[in-house]
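Data block below; observations after.
The values are calculated or read from the model by the stated rules, or taken from the named source; none is laboratory data. On a predicted model such as this, the values are computed, not experimentally measured, just so you know. Cβ atoms come from the backbone with ideal geometry, glycine included; neighbour counts cover every protein chain shown.
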Amino acid sequence: MTPSTTLPRRHLLAASAAALSAAGLASWTGAAQAQATAAAAPKPLPGYAGWKAGNALIVHSSSTLETRRGAFGTSVVTPSSQLYVRNNLPAPDAAILDDRNAWVVRVEGVKNPRELTLAELKTLGLETVATVLQCSGNGRGFFPTKPSGTPWTVGAAGCVVWSGVPVRNVVAALGGVASGMAYVTGTGGEKLPEGVDPLTVLVERSVPIKAMEDAILAWEMNGEPLSLAHGGPLRLIVPGYQGVNNIKYIKRLAFTEAQSQARIMQHGYRMTPPGAKASPDQPSVWEMTVKSWINGPLPEQGPLKPGMVQVHGVAFGGTRGIKGVEVSVDGGKTWQAAQLIGPDLGRFAWRQFVLPVRLGAGTHVLASRATDTAGNVQPEQREENVGGYNNASWADHAVTVSVA
């Protein structure tokens with residue numbers, strides 16, 4: 001992980017313990033040291049994701065697992081065992097995977113609304129698409145304001161290959177979209193807690209209807225049946241859009257005149273200015289913007305030897321492809337064009353890049369800056385917002401390495 005300007009919690013606890021000891025509060029010191037030890041111990045993987053590679057992941061909580069920056073490697077596709085996990089509600093019972101083909105989706109807002117089983121969906125078409133899957137809070141850990149939520153750095157993202165039926169095929173089979181519909185709304189199949197208003201917790205998101213042309217209902221990821229951890233047996237995939245819009249365990253696909261009334265849509269995932277409260281009139285977290293970061297070399301790998309180094313990383317453009325990437329070894333003072341490497345899996349996938357550079361002894365700040373096919377350049381600074389969303393700042397994502 002990239003070093004931040006704030007101390008990790010275990011360091012703060014250790015510092016607090018030292019201060020308490022100096023004040024003669026030995027009992028408080030012992031408690032703080034115990035907390036520091038517990039914080040330093042790695043957390044076990046939750047049961048539904050127990051098959052994943054524990055050494056490649058950071059377990060923030062039972063519903064938030066982050067890919068370690070050094071685990072991304074140089075391949076285009078992120079292995080399922082290393083892909084991050086973010087759930088807004090606990091995963092459903094694994095029994096929903098016992099008979100995948102029996103899973104039912106209700107399709108509404110079309111001329112002939114009806115329920116379709118997964119088996120029936122499989123007869124309507126097949127498409128495979130590679131996309132970047134990224135939590136909208138990826139990069140939140142770089143915000144100095146410390147927004148609430150998981151302090152992701154770069155690991156709440158991955159590039160994966162989905163297979164499923166195009167949503168446009170489903171719509172065509174049901175007579176087309178009814179008139180006046182402006183949004184595609186997906187509803188998740190998580191079990192809701194009892195005794196609360198469903199709209200306060202329901203995972204239901206709306207995206208502009210134009211997204212229908214690229215969206216698929218996916219039952220396979222990276223060549224395998226979709227796991228429970230990633231939304232199986234069926235997930236709505238909206239290429240180029242932030243992860244929260246890719247509804248897991250989808251049970252309802254609706255074309256609607258207005259956006260969902262669920263809190264996660266009306267107030268959650270909004271670009272709320274600092275000091276303000278989230279409201280429906282603020283921009284929703286929808287399409288991803290152009291972004292890149294460096295995955296090697298990294299400071300946690302220790303000092304480098306003077307000489308040639310292969311600076312490499314990933315770049316993506318949301319709904320657009322990548323035109324090029326520049327790399328700086330002096331914190332953005334000067335830039336050099338990097339080479340895009342590996343297969344181009346389409347405009348929704350990320351591209352790997354590399355720049356061979358000769359580094360002398362000293363400290364070097366490595367940064368990358370991507371440009372998409374429309375000419376949009378990755379910004380230097382983040383857009384400040386209450387939720388810590390959409391951080392594409394190249395300055396935040398830079399890494400500092402030592403050469404000796």
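From the list ALA370, ALA374, the lone residue that is surrounded by fewer than 17 Cβ atoms within 10 Å (Cβ to Cβ), at pLDDT 95 or above, not β-branched (Val, Ile, Thr) and not assigned by the TED database to the domain that holds GLY141 is ALA374.
State the number of residues belonging to segment 349-394 that are under 18 Å from GLN134 (Cβ atoms) and acidic (Asp, Glu). Residues meeting the conditions: 2. I'd like to check something: does segment 346-353 contain any residue that is touching a Phe, Trp or Tyr at 6+ places or on another chain (Cβ under 6 Å), buried (at least 20 other Cβ atoms within 10 Å of the Cβ) and hydrophobic (A, V, I, L, M, F, W, C)? Yes, some residue in segment 346-353 is touching a Phe, Trp or Tyr at 6+ places or on another chain (Cβ under 6 Å), buried (at least 20 other Cβ atoms within 10 Å of the Cβ) and hydrophobic (A, V, I, L, M, F, W, C).
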